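Engineer: Provided herewith is a single structure, encoded as structure tokens, for subsequent inquiry.
Quick note: the coordinates plus some simple rules give every number you see, no bench work behind them. Note that this is a predicted model, so its numbers are computed, not measured. Cβ placement follows ideal geometry from the backbone for every residue including glycine, while neighbour counts extend to all protein chains displayed.
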């Protein structure tokens, strides 16, 4: 591979939560002289480093990590914002002669990075605020009903309880005057048309994934995950931030908040969090299995196999 080609290469490591993808990305970046770039929609927030399983300081000292914990709890981030930041970090890595290693479990981020995204303009802050107020007042199902009136196609496609996507669809119409469905008929725009992607996906057996999800949540609790939830609860209780913000939906946060509100016992909250983590991992695994084309597929959780790292790097 010549220097010109090398500068355009991007390694993508995708997989469900608890599959070992962050460790694999770290090992690949270390072996390739690279930079790890986050593609997880919860790890971009700084309020839940434990619950969203962000890399710790030890990992960050081994190789550079980018786009982790970059947004505060109040941020209403979008895939377009992440794409622009990711493209900037990838080009920066190329410029420094380093290999960009993009890792995450958010299929939308990864799909848009590889295949392109609908060219929707960034939503104005005041529009986002207005829609957030509508959510606070009337709830997501009411907003979904309003969306159905102006974009029946999008409303039929979206779950009426999916706060993030329903909010986004309504914001787009309110801000641009065109529905999300109309925008989706536009040609896709690639933020990195010059990139050559090497895609690795981890697809372990569901039983193996379940066990790792359960064990990992116990370790999070031991490390102080409840304190993270308590800090979030304090912000909601004082009305500083809305509980509809994306940062409030990290795995384990809704369940631990229910415990702090007295709606269930601590044990019940932990069991529900484990169950929801397992269900989320299953959905991720299904999406990656069916939607993401990869050059390398790992059929088990990654646990430090050097041969896997060498195969990816070479």
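Engineer: From the square roots a ≥ b ≥ c of the eigenvalues of the alpha-carbon gyration tensor of the stretch 125-183, which class results: rounded (a/c under 1.5), prolate (a/b over b/c), or oblate?
Structural biologist: Numbers: a/c = 1.90, a/b = 1.10, b/c = 1.72.
Oblate.
Engineer: Summing -39500 (n - 2.57) over the DSSP H runs of n ≥ 4 in the chain and dividing by its residue number, what mean residue ellipticity at 222 nm do you reach, to the nearest 500 deg cm²/dmol?
Structural biologist: Theoretical 222 nm ellipticity from helices: -17000 deg cm²/dmol.
Engineer: Let me ask you something else. How are the C-alpha pair distances of the stretch 145-270 spread across 10 Å bins, as whole percents from the shortest bin up?
Structural biologist: Bins of 10 Å from zero give 10, 24, 25, 29, 11, 0 percent of pairs.
Engineer: Have a look at the DSSP beta bridges in the chain and tell me what percent are antiparallel, nearest 5.
Structural biologist: The answer is about 5 percent antiparallel.
Engineer: Can I ask one more? Rank 187, 246, 49 by mean-square fluctuation in a GNM of the chain with C-alpha springs under 10 angstrom and give only the top-ranked residue.
Structural biologist: In this elastic network of the chain, the residue with the biggest mean-square fluctuation among 187, 246, 49 is 187.
Engineer: Using mean Cβ contacts within 10 Å as the protection proxy, how do 38-47, 91-100 order, highest first?
Structural biologist: Numbers: 38-47: 23.9, 91-100: 16.9.
Ranking the peptides 38-47, 91-100 by packing returns 38-47, 91-100.
Engineer: Let me ask another. Could you list, bin by bin from short to long, the percent of Cα-Cα pairs of the stretch 58-132 in 5 Å steps?
Structural biologist: All Cα pairs considered, the percentages come to 3, 11, 21, 22, 20, 12, 6, 3, 1.
Engineer: Now for a separate question. Could you identify which residue out of 118, 238, 179 has the top mean-square fluctuation in a GNM of the chain using Cα springs shorter than 10 Å?
Structural biologist: 238
Engineer: What is the gain in length, in nm to one decimal, between residue 145 and residue 133 on full extension, counting 0.36 nm per residue of separation less the C-alpha to C-alpha distance? Please report the intermediate quantities before stating the final value.
Structural biologist: Numbers: separation 12, 0.36 × 12 = 4.32 nm, distance 1.59 nm.
That works out to 2.7 nm of additional length.
Engineer: Determine, for 123, 164, 17, 286, the number of other Cβ atoms within 10 Å of each Cβ, and report the residues in order from fewest to most.
Structural biologist: So the ranking, lowest neighbour count to highest, is 286, 164, 123, 17.
Engineer: Looking only at Cα atoms, what is the convex hull volume of the chain per residue, in Å³?
Structural biologist: Output value, Cα hull per residue: 135 Å³.
Engineer: Could you give the length gained by full extension between residue 62 and residue 261, i.e. 0.36 nm per residue of separation minus their alpha carbon distance, to one decimal place? Numbers along the way, then the final one.
Structural biologist: Numbers: separation 199, 0.36 × 199 = 71.64 nm, distance 3.96 nm.
The span from residue 62 to residue 261 would gain 67.7 nm if fully extended.
Engineer: Normalised by the number of residues in the chain, what is the relative contact order in percent for Cα pairs under 8 Å and 6+ residues apart?
Structural biologist: It rounds to 29 percent for the chain.
Engineer: Listed highest first by mean packing, meaning other Cβ atoms within 10 Å per residue, what order do 230-236, 110-116, 293-299 come in?
Structural biologist: 110-116, 230-236, 293-299
Engineer: With each pseudo-label sitting 7 Å past Cα toward Cβ, what's the residue 111-residue 178 distance in nm, one decimal?
Structural biologist: 2.0 nm
Engineer: Additional query: Note down the relative contact order for the stretch 125-183 as a percent, whole number, built from C-alpha pairs under 8 angstrom at least six residues apart.
Structural biologist: 34 percent
Engineer: Once the convex hull of the C-alpha atoms of the stretch 167-207 is built, how many Å³ does it hold per residue, rounded to a whole number?
Structural biologist: 141 Å³
Engineer: Which of 285, 165 has the fewest other C-beta atoms within 10 Å, and how do the rest follow up to the most?
Structural biologist: 165, 285
Engineer: Given a Förster distance of 41 Å, report the FRET efficiency between residue 152 and residue 74 from their Cβ-Cβ distance, rounded to the nearest 0.05.
Structural biologist: After rounding, the FRET efficiency stands at 0.80.
Engineer: Okay, next question. Ranking request for peptides 72-80, 198-206: highest mean number of other beta-carbon atoms within 10 Å first, then the rest in descending order. Mind dumping the intermediate values first?
Structural biologist: Numbers: 72-80: 17.0, 198-206: 19.4.
Most protected by this proxy first, the peptides run 198-206, 72-80.
Engineer: Quick one: length gained pulling residue 275 to residue 84 fully straight, 0.36 nm per residue minus the C-alpha distance?
Structural biologist: Details: separation 191, 0.36 × 191 = 68.76 nm, distance 3.39 nm.
Between residue 275 and residue 84, full extension yields 65.4 nm more.
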